[in-house]
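The values are calculated or read from the model by the stated rules, or taken from the named source; none is laboratory data. Because the structure is a prediction, the values reported are computed rather than measured. Every residue, glycine as well, gets a Cβ built from its backbone with ideal geometry; the counts of neighbours run over all protein chains shown. SASA here: full protein model, heavy atoms, side chains in, ligands and nucleic acids out. Shrake-Rupley method; radii C 1.70, N 1.55, O 1.52, S 1.80 Å.
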Amino acid sequence: MLETIRAAGRIARIDIAKAAGASPATVTAITSELIAAGLIEECADPPLQDAKRGRPRVALKIRGGAHLVAGVKVSHHAASVVITDFEGTEITAREMRLAENRMTPAKLCDEILRSLDEACAAGGLSLGDLSGIGIGIAGLVDARRNFVYWSSSLRERNVDLGRMLEARVHCPVFLDNDANLVAKAEHIFGEGRNVDNFIVITVEHGVGMGIVLDGRIYRGVRGCGAEFGHTKVQLEGALCQCGQRGCLEAYVGDYALLREANLNSETDHKDIDSLFAAAGAGEEIAGSILDRAGRMFAMGLANVVNIFDPSLIILSGAQLNYDFLYSDKVIDQMKRWIVQVDAPIPEVKVHGWGDLMWAKGATAYAIEEVSNLTVRELAANAG
(Lines give C-alpha, C1' and ligand atoms only; values in the text may rest on other atoms or scores of the structure.)
Protein backbone atom coordinates (compact mmCIF):
# COMPACT_ATOMS: atom_id res chain seq x y z
CA MET A 1 0.00 0.00 0.00
CA LEU A 2 2.91 2.31 0.77
CA GLU A 3 4.28 1.79 -2.74
CA THR A 4 0.85 2.49 -4.24
CA ILE A 5 0.89 5.87 -2.52
CA ARG A 6 4.49 6.51 -3.57
CA ALA A 7 3.79 5.64 -7.20
CA ALA A 8 0.77 7.94 -7.33
CA GLY A 9 2.45 10.88 -5.58
CA ARG A 10 -0.84 11.70 -3.86
CA ILE A 11 -3.93 9.54 -3.88
CA ALA A 12 -7.32 9.32 -2.15
CA ARG A 13 -8.19 6.33 0.04
CA ILE A 14 -10.94 5.21 -2.33
CA ASP A 15 -8.43 5.12 -5.20
CA ILE A 16 -5.97 3.13 -3.08
CA ALA A 17 -8.74 0.59 -2.47
CA LYS A 18 -9.35 0.27 -6.20
CA ALA A 19 -5.63 -0.06 -7.01
CA ALA A 20 -4.96 -2.59 -4.23
CA GLY A 21 -8.20 -4.54 -4.61
CA ALA A 22 -8.94 -4.01 -0.91
CA SER A 23 -12.03 -2.85 0.94
CA PRO A 24 -12.28 0.82 1.98
CA ALA A 25 -12.37 -0.29 5.64
CA THR A 26 -9.09 -2.20 5.24
CA VAL A 27 -7.46 0.74 3.51
CA THR A 28 -8.62 3.12 6.25
CA ALA A 29 -7.22 0.85 8.96
CA ILE A 30 -3.83 0.37 7.30
CA THR A 31 -3.36 4.00 6.30
CA SER A 32 -4.23 5.08 9.85
CA GLU A 33 -1.33 2.93 11.09
CA LEU A 34 0.99 4.42 8.46
CA ILE A 35 -0.05 7.95 9.48
CA ALA A 36 0.51 7.13 13.17
CA ALA A 37 3.97 5.78 12.27
CA GLY A 38 4.77 9.05 10.50
CA LEU A 39 5.30 7.44 7.09
CA ILE A 40 2.45 9.16 5.25
CA GLU A 41 0.38 12.29 5.74
CA GLU A 42 -2.89 13.78 4.59
CA CYS A 43 -3.00 16.59 2.07
CA ALA A 44 -5.68 18.39 0.09
CA ASP A 45 -6.18 16.90 -3.36
CA PRO A 46 -5.99 19.67 -6.00
CA PRO A 47 -9.57 20.33 -7.22
CA LEU A 48 -10.44 19.44 -10.80
CA GLN A 49 -10.82 22.45 -13.09
CA ASP A 50 -14.53 21.82 -13.68
CA ALA A 51 -15.33 20.66 -10.14
CA LYS A 52 -17.90 22.51 -8.09
CA ARG A 53 -16.71 24.50 -5.12
CA GLY A 54 -16.77 22.71 -1.84
CA ARG A 55 -14.61 20.89 0.61
CA PRO A 56 -11.48 19.54 -1.15
CA ARG A 57 -11.04 15.78 -1.22
CA VAL A 58 -8.40 14.54 1.22
CA ALA A 59 -5.51 12.63 -0.32
CA LEU A 60 -2.52 10.81 1.13
CA LYS A 61 1.16 11.25 0.29
CA ILE A 62 4.51 10.01 1.55
CA ARG A 63 5.87 12.17 4.38
CA GLY A 64 9.24 13.32 3.14
CA GLY A 65 10.57 13.96 6.64
CA ALA A 66 9.93 10.39 7.77
CA HIS A 67 13.42 9.21 6.82
CA LEU A 68 16.64 10.34 5.19
CA VAL A 69 18.49 7.86 2.97
CA ALA A 70 21.72 7.84 1.00
CA GLY A 71 22.61 6.20 -2.30
CA VAL A 72 26.20 5.44 -3.29
CA LYS A 73 27.50 4.46 -6.73
CA VAL A 74 30.98 2.89 -6.60
CA SER A 75 32.58 3.25 -10.01
CA HIS A 76 36.08 2.46 -11.20
CA HIS A 77 37.43 5.89 -10.29
CA ALA A 78 34.94 7.58 -7.96
CA ALA A 79 32.23 7.22 -5.35
CA SER A 80 29.09 9.27 -6.00
CA VAL A 81 26.61 9.97 -3.20
CA VAL A 82 23.05 11.33 -3.26
CA ILE A 83 21.07 11.96 -0.05
CA THR A 84 17.28 12.29 -0.31
CA ASP A 85 14.27 12.48 1.95
CA PHE A 86 11.66 9.71 2.07
CA GLU A 87 9.85 11.12 -0.96
CA GLY A 88 13.04 10.99 -3.02
CA THR A 89 13.65 14.75 -3.01
CA GLU A 90 17.39 15.40 -3.29
CA ILE A 91 18.97 17.14 -0.30
CA THR A 92 22.64 17.00 -1.26
CA ALA A 93 24.98 15.21 -3.65
CA ARG A 94 28.72 14.65 -3.81
CA GLU A 95 31.30 12.95 -6.03
CA MET A 96 34.66 11.86 -4.61
CA ARG A 97 37.69 10.39 -6.33
CA LEU A 98 38.70 6.98 -4.99
CA ALA A 99 42.23 6.39 -3.70
CA GLU A 100 42.58 3.25 -5.88
CA ASN A 101 40.64 1.46 -8.59
CA ARG A 102 40.80 -1.88 -6.79
CA MET A 103 41.01 -2.17 -3.01
CA THR A 104 40.87 -4.50 -0.03
CA PRO A 105 37.38 -4.74 1.50
CA ALA A 106 38.47 -2.71 4.53
CA LYS A 107 39.89 0.05 2.32
CA LEU A 108 36.75 0.17 0.17
CA CYS A 109 34.65 0.52 3.34
CA ASP A 110 36.90 3.41 4.39
CA GLU A 111 36.39 5.12 1.03
CA ILE A 112 32.61 4.62 1.03
CA LEU A 113 32.39 6.05 4.56
CA ARG A 114 34.59 8.98 3.59
CA SER A 115 32.31 9.76 0.66
CA LEU A 116 29.23 9.54 2.91
CA ASP A 117 30.82 11.78 5.53
CA GLU A 118 31.63 14.39 2.88
CA ALA A 119 28.09 14.29 1.46
CA CYS A 120 26.50 14.52 4.92
CA ALA A 121 28.74 17.47 5.84
CA ALA A 122 27.78 19.25 2.61
CA GLY A 123 24.11 18.90 3.57
CA GLY A 124 24.55 19.84 7.23
CA LEU A 125 23.88 16.24 8.29
CA SER A 126 25.66 13.37 10.01
CA LEU A 127 25.72 9.64 9.33
CA GLY A 128 23.45 9.20 12.35
CA ASP A 129 20.67 11.05 10.51
CA LEU A 130 20.41 8.32 7.86
CA SER A 131 17.82 5.53 8.10
CA GLY A 132 19.37 3.46 5.32
CA ILE A 133 22.11 3.40 2.68
CA GLY A 134 21.81 1.88 -0.79
CA ILE A 135 25.05 0.97 -2.55
CA GLY A 136 25.56 0.00 -6.18
CA ILE A 137 28.78 -1.79 -7.11
CA ALA A 138 29.90 -3.59 -10.27
CA GLY A 139 30.21 -7.34 -10.06
CA LEU A 140 28.41 -10.47 -8.85
CA VAL A 141 26.27 -9.40 -5.91
CA ASP A 142 23.69 -11.30 -3.86
CA ALA A 143 21.39 -8.43 -2.88
CA ARG A 144 19.40 -10.62 -0.47
CA ARG A 145 22.52 -11.17 1.66
CA ASN A 146 24.37 -7.92 0.85
CA PHE A 147 27.19 -10.23 -0.23
CA VAL A 148 29.74 -9.65 -3.02
CA TYR A 149 30.95 -12.81 -4.77
CA TRP A 150 33.26 -10.81 -7.03
CA SER A 151 33.75 -7.17 -7.99
CA SER A 152 36.28 -5.31 -10.11
CA SER A 153 36.48 -2.82 -7.20
CA LEU A 154 37.70 -5.48 -4.74
CA ARG A 155 40.94 -7.44 -4.51
CA GLU A 156 39.22 -10.31 -2.72
CA ARG A 157 36.33 -12.59 -3.59
CA ASN A 158 33.37 -13.60 -1.38
CA VAL A 159 33.14 -10.47 0.75
CA ASP A 160 30.36 -9.85 3.29
CA LEU A 161 30.54 -6.16 2.45
CA GLY A 162 27.09 -5.23 3.78
CA ARG A 163 27.88 -6.62 7.23
CA MET A 164 31.24 -4.82 7.29
CA LEU A 165 29.60 -1.49 6.48
CA GLU A 166 26.66 -1.92 8.86
CA ALA A 167 29.11 -2.50 11.73
CA ARG A 168 30.46 1.00 11.11
CA VAL A 169 27.40 3.06 10.09
CA HIS A 170 24.84 1.52 12.51
CA CYS A 171 21.96 1.69 10.03
CA PRO A 172 20.75 -0.79 7.41
CA VAL A 173 22.88 -1.10 4.26
CA PHE A 174 21.35 -2.42 1.04
CA LEU A 175 23.84 -3.64 -1.56
CA ASP A 176 23.12 -4.47 -5.20
CA ASN A 177 24.74 -4.73 -8.60
CA ASP A 178 25.03 -1.21 -10.01
CA ALA A 179 23.26 -2.04 -13.28
CA ASN A 180 20.22 -3.23 -11.30
CA LEU A 181 20.08 0.18 -9.64
CA VAL A 182 20.29 1.93 -13.02
CA ALA A 183 17.30 -0.18 -14.05
CA LYS A 184 15.49 0.89 -10.88
CA ALA A 185 16.34 4.54 -11.61
CA GLU A 186 15.08 4.17 -15.18
CA HIS A 187 11.85 2.57 -13.92
CA ILE A 188 11.17 5.39 -11.45
CA PHE A 189 12.75 8.47 -13.03
CA GLY A 190 13.73 7.70 -16.61
CA GLU A 191 12.88 6.02 -19.92
CA GLY A 192 11.37 2.98 -18.20
CA ARG A 193 8.55 4.84 -16.48
CA ASN A 194 5.22 3.12 -17.16
CA VAL A 195 7.07 0.21 -18.83
CA ASP A 196 6.80 -3.17 -17.05
CA ASN A 197 9.23 -5.21 -19.17
CA PHE A 198 12.51 -3.66 -20.27
CA ILE A 199 16.25 -4.17 -20.12
CA VAL A 200 19.04 -1.73 -19.26
CA ILE A 201 22.56 -2.41 -20.57
CA THR A 202 25.42 -0.40 -19.12
CA VAL A 203 28.80 -0.06 -20.81
CA GLU A 204 31.65 1.54 -18.87
CA HIS A 205 34.80 -0.10 -17.49
CA GLY A 206 32.77 -3.30 -17.73
CA VAL A 207 29.40 -4.31 -19.15
CA GLY A 208 26.31 -4.76 -16.98
CA MET A 209 22.62 -5.44 -17.37
CA GLY A 210 19.49 -4.79 -15.31
CA ILE A 211 16.28 -6.69 -16.09
CA VAL A 212 12.80 -5.46 -15.19
CA LEU A 213 10.12 -8.14 -15.56
CA ASP A 214 6.51 -7.37 -14.65
CA GLY A 215 7.69 -4.19 -12.96
CA ARG A 216 10.28 -5.87 -10.70
CA ILE A 217 14.06 -6.28 -10.86
CA TYR A 218 15.07 -9.83 -11.77
CA ARG A 219 18.24 -10.95 -9.95
CA GLY A 220 18.31 -14.74 -10.26
CA VAL A 221 18.40 -17.39 -7.53
CA ARG A 222 21.93 -16.55 -6.33
CA GLY A 223 21.68 -12.86 -7.13
CA CYS A 224 23.96 -13.38 -10.11
CA GLY A 225 21.44 -13.12 -12.95
CA ALA A 226 21.72 -10.61 -15.80
CA GLU A 227 25.50 -10.85 -16.14
CA PHE A 228 25.37 -9.76 -19.78
CA GLY A 229 29.05 -8.79 -19.83
CA HIS A 230 30.05 -12.34 -18.93
CA THR A 231 28.01 -14.10 -21.59
CA LYS A 232 30.41 -15.91 -23.91
CA VAL A 233 30.89 -14.67 -27.46
CA GLN A 234 34.18 -16.39 -28.39
CA LEU A 235 35.39 -19.85 -27.39
CA GLU A 236 38.77 -19.52 -25.60
CA GLY A 237 38.74 -15.85 -26.56
CA ALA A 238 40.14 -12.70 -24.95
CA LEU A 239 40.79 -12.63 -21.20
CA CYS A 240 38.10 -10.92 -19.11
CA GLN A 241 38.77 -9.18 -15.80
CA CYS A 242 36.54 -11.85 -14.15
CA GLY A 243 39.29 -14.41 -14.94
CA GLN A 244 37.46 -16.28 -17.73
CA ARG A 245 37.95 -16.04 -21.47
CA GLY A 246 35.64 -15.09 -24.32
CA CYS A 247 33.26 -12.84 -22.33
CA LEU A 248 31.48 -10.05 -24.19
CA GLU A 249 33.06 -7.57 -21.78
CA ALA A 250 36.53 -8.67 -22.92
CA TYR A 251 35.71 -7.15 -26.32
CA VAL A 252 33.55 -4.18 -25.31
CA GLY A 253 34.65 -2.93 -21.86
CA ASP A 254 36.91 0.12 -21.93
CA TYR A 255 39.86 -1.73 -20.35
CA ALA A 256 39.57 -4.41 -23.07
CA LEU A 257 39.51 -1.91 -25.92
CA LEU A 258 42.56 -0.06 -24.57
CA ARG A 259 44.43 -3.32 -23.91
CA GLU A 260 43.88 -4.45 -27.50
CA ALA A 261 44.82 -1.07 -28.93
CA ASN A 262 48.02 -0.68 -26.92
CA LEU A 263 49.16 -4.21 -27.75
CA ASN A 264 48.72 -3.74 -31.48
CA SER A 265 49.55 -0.12 -32.28
CA GLU A 266 52.44 2.23 -31.72
CA THR A 267 50.16 4.84 -30.12
CA ASP A 268 49.86 4.78 -26.32
CA HIS A 269 46.12 5.27 -25.79
CA LYS A 270 45.35 6.47 -22.24
CA ASP A 271 41.56 6.54 -22.61
CA ILE A 272 38.66 5.83 -24.96
CA ASP A 273 38.70 9.46 -26.18
CA SER A 274 42.15 8.83 -27.65
CA LEU A 275 41.12 5.55 -29.28
CA PHE A 276 37.94 7.02 -30.74
CA ALA A 277 39.83 10.05 -32.08
CA ALA A 278 42.40 7.76 -33.72
CA ALA A 279 39.65 5.75 -35.41
CA GLY A 280 38.05 8.99 -36.61
CA ALA A 281 41.40 10.07 -38.05
CA GLY A 282 41.54 6.89 -40.10
CA GLU A 283 43.92 4.76 -38.02
CA GLU A 284 43.21 1.23 -39.25
CA ILE A 285 43.90 -0.68 -36.02
CA ALA A 286 41.77 1.65 -33.89
CA GLY A 287 38.95 1.44 -36.42
CA SER A 288 39.05 -2.35 -36.56
CA ILE A 289 38.98 -2.64 -32.74
CA LEU A 290 35.89 -0.44 -32.47
CA ASP A 291 34.26 -2.21 -35.43
CA ARG A 292 34.76 -5.60 -33.78
CA ALA A 293 33.37 -4.24 -30.50
CA GLY A 294 30.28 -3.07 -32.37
CA ARG A 295 29.77 -6.48 -34.00
CA MET A 296 30.18 -8.30 -30.68
CA PHE A 297 27.76 -5.90 -29.03
CA ALA A 298 25.21 -6.37 -31.81
CA MET A 299 25.45 -10.13 -31.29
CA GLY A 300 24.87 -9.66 -27.58
CA LEU A 301 21.86 -7.38 -28.17
CA ALA A 302 20.33 -9.92 -30.54
CA ASN A 303 20.76 -12.65 -27.92
CA VAL A 304 19.04 -10.47 -25.31
CA VAL A 305 16.08 -9.92 -27.63
CA ASN A 306 15.87 -13.59 -28.55
CA ILE A 307 15.87 -14.66 -24.88
CA PHE A 308 13.75 -11.96 -23.20
CA ASP A 309 11.72 -10.28 -25.96
CA PRO A 310 11.51 -6.99 -23.99
CA SER A 311 9.46 -4.02 -25.13
CA LEU A 312 12.43 -1.68 -24.64
CA ILE A 313 16.23 -1.82 -24.38
CA ILE A 314 17.96 1.17 -22.75
CA LEU A 315 21.70 1.67 -23.31
CA SER A 316 23.54 3.64 -20.65
CA GLY A 317 27.04 4.35 -19.33
CA ALA A 318 30.14 6.37 -20.15
CA GLN A 319 30.92 4.54 -23.42
CA LEU A 320 27.57 5.59 -24.84
CA ASN A 321 29.18 9.00 -25.36
CA TYR A 322 30.53 7.32 -28.51
CA ASP A 323 28.30 5.93 -31.24
CA PHE A 324 30.29 2.83 -32.23
CA LEU A 325 28.05 0.67 -30.00
CA TYR A 326 24.72 2.02 -31.25
CA SER A 327 25.43 3.16 -34.80
CA ASP A 328 22.97 2.32 -37.58
CA LYS A 329 25.38 -0.44 -38.61
CA VAL A 330 25.24 -2.06 -35.15
CA ILE A 331 21.45 -1.84 -34.94
CA ASP A 332 21.12 -3.29 -38.45
CA GLN A 333 23.35 -6.22 -37.46
CA MET A 334 21.25 -6.77 -34.34
CA LYS A 335 18.08 -6.81 -36.46
CA ARG A 336 19.57 -9.44 -38.81
CA TRP A 337 20.45 -11.75 -35.90
CA ILE A 338 17.06 -11.52 -34.17
CA VAL A 339 14.59 -14.34 -34.77
CA GLN A 340 12.34 -12.97 -37.49
CA VAL A 341 8.62 -12.62 -36.74
CA ASP A 342 5.99 -10.32 -38.22
CA ALA A 343 5.99 -7.91 -35.29
CA PRO A 344 7.98 -4.78 -34.39
CA ILE A 345 11.37 -5.34 -32.75
CA PRO A 346 12.06 -3.82 -29.30
CA GLU A 347 12.87 -0.13 -29.30
CA VAL A 348 16.50 0.72 -28.45
CA LYS A 349 17.12 4.00 -26.62
CA VAL A 350 20.31 5.65 -25.39
CA HIS A 351 20.10 7.36 -22.01
CA GLY A 352 23.40 8.67 -20.65
CA TRP A 353 23.02 8.76 -16.87
CA GLY A 354 25.84 10.43 -14.96
CA ASP A 355 27.19 8.70 -11.85
CA LEU A 356 25.01 10.88 -9.59
CA MET A 357 21.91 9.52 -11.33
CA TRP A 358 23.20 5.97 -10.77
CA ALA A 359 23.50 6.96 -7.10
CA LYS A 360 19.91 8.21 -7.18
CA GLY A 361 18.90 4.71 -8.25
CA ALA A 362 20.67 3.49 -5.10
CA THR A 363 18.60 5.93 -3.00
CA ALA A 364 15.42 4.57 -4.61
CA TYR A 365 16.52 1.08 -3.57
CA ALA A 366 17.23 2.29 -0.02
CA ILE A 367 13.82 3.98 0.20
CA GLU A 368 12.12 0.78 -0.97
CA GLU A 369 13.98 -1.39 1.53
CA VAL A 370 13.53 1.03 4.46
CA SER A 371 9.80 1.05 3.61
CA ASN A 372 9.72 -2.76 3.70
CA LEU A 373 11.54 -2.87 7.05
CA THR A 374 9.19 -0.30 8.56
CA VAL A 375 6.05 -2.08 7.34
CA ARG A 376 7.34 -5.40 8.71
CA GLU A 377 8.00 -3.75 12.09
CA LEU A 378 4.45 -2.33 12.13
CA ALA A 379 3.02 -5.76 11.31
CA ALA A 380 5.10 -7.41 14.05
CA ASN A 381 4.01 -4.84 16.65
CA ALA A 382 0.37 -5.24 15.59
CA GLY A 383 0.66 -9.00 16.02
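Among the residues of the stretch 60-70, is any surrounded by fewer than 17 Cβ atoms within 10 Å (Cβ to Cβ), at pLDDT below 90 and not aromatic (Phe, Trp, Tyr)?
Looking for residues that are surrounded by fewer than 17 Cβ atoms within 10 Å (Cβ to Cβ), at pLDDT below 90 and not aromatic (Phe, Trp, Tyr), one finds none in the stretch 60-70, hence no.
So Phe189 clears everything in (1) touching a residue at least 60 places away in the same chain (Cβ under 8 Å); (2) in contact with a Leu (Cβ under 9 Å, 6 or more places away or on another chain) except one condition, right? Which one?
The one condition Phe189 does not meet is (2).
Could you please let me know if Gly136 is crowded, with 21+ Cβ neighbours inside 10 Å, outside any loop (DSSP other than H, G, I, E, B) and in contact (Cβ under 8 Å) with a residue 40 or more places away in the chain?
Judged against the criteria, Gly136 is a match.
Considering only the stretch 16-34, state which residues are out of contact with any Ser or Thr (no Cβ under 9 Å at 6 or more places or on another chain), open to solvent by 50 Å² or more (accessible area, probe 1.4 Å) and assigned to a helix (DSSP H, G or I).
Passing the criteria: Lys18, Pro24, Ala25, Thr26, Thr28, Ala29, Ile30, Ser32, Glu33.
Go over the candidates Gly223, Gly210, Gly229, Gly206 one by one and state the one that is surrounded by 23 or more Cβ atoms within 10 Å (Cβ to Cβ) and at pLDDT below 90.
Going through Gly223, Gly210, Gly229, Gly206 in turn, just one is surrounded by 23 or more Cβ atoms within 10 Å (Cβ to Cβ) and at pLDDT below 90: Gly206.
Could you list, in sequence order, all residues of the stretch 224-245 that are part of a loop (DSSP other than H, G, I, E, B), closer than 14 Å to Met299 by Cα and either among the hydrophobic types (A, V, I, L, M, F, W, C) or touching a strand residue (DSSP E or B) at 6+ places or on another chain (Cβ under 6 Å) (or both)?
Taking the stretch 224-245 as the starting set, the residues that turn out to be part of a loop (DSSP other than H, G, I, E, B) are 224-227, 231, 233-238, 240-244.
Right, trim to closer than 14 Å to Met299 by Cα and you get 231, 233-234.
Val233 - this is the single residue of the stretch 224-245 that is part of a loop (DSSP other than H, G, I, E, B), closer than 14 Å to Met299 by Cα and either among the hydrophobic types (A, V, I, L, M, F, W, C) or touching a strand residue (DSSP E or B) at 6+ places or on another chain (Cβ under 6 Å) (or both).
In contact (Cβ under 8 Å) with a residue 60 or more places away in the chain and either under 29 Å from Ala66 (Cβ atoms) or outside any strand (DSSP E or B) (or both): does that describe Arg168?
Numbers: in contact (Cβ under 8 Å) with a residue 60 or more places away in the chain: no; either under 29 Å from Ala66 (Cβ atoms) or outside any strand (DSSP E or B) (or both): yes.
No: the conditions fail for Arg168.
Pairs under 7 Å by beta carbon, first residue of a type in the set (Lys, Arg) in the stretch 208-230, partner outside any strand (DSSP E or B), six or more apart or different chains?
Correct list of pairs: Arg219/Ala143; Arg219/Asn180; Arg219/Gly225.
Do you know which residues across the stretch 92-126 are open to solvent by 40 Å² or more (accessible area, probe 1.4 Å) and among the aliphatic types (A, V, I, L, M)?
Across the stretch 92-126, the qualifying residues are Ala99, Ala106, Ala121, Ala122, Leu125.
Looking at Ile345, Ile331, Ile285, which is the one that is in contact (Cβ under 8 Å) with a residue 24 or more places away in the chain and outside any helix (DSSP H, G or I)? Spell out how you get there, then give the answer.
Details: Ile331 fails: outside any helix (DSSP H, G or I); Ile285 fails: outside any helix (DSSP H, G or I).
The conditions single out Ile345.
Quick test for you: out of Val74, Val148, pick the one residue that is out of contact with any Phe, Trp or Tyr (no Cβ under 7 Å at 6 or more places or on another chain), hydrophobic (A, V, I, L, M, F, W, C) and over 23 Å from Gln319 (Cβ atoms).
Details: Val74 fails: over 23 Å from Gln319 (Cβ atoms).
That would be Val148, the only listed residue that is out of contact with any Phe, Trp or Tyr (no Cβ under 7 Å at 6 or more places or on another chain), hydrophobic (A, V, I, L, M, F, W, C) and over 23 Å from Gln319 (Cβ atoms).
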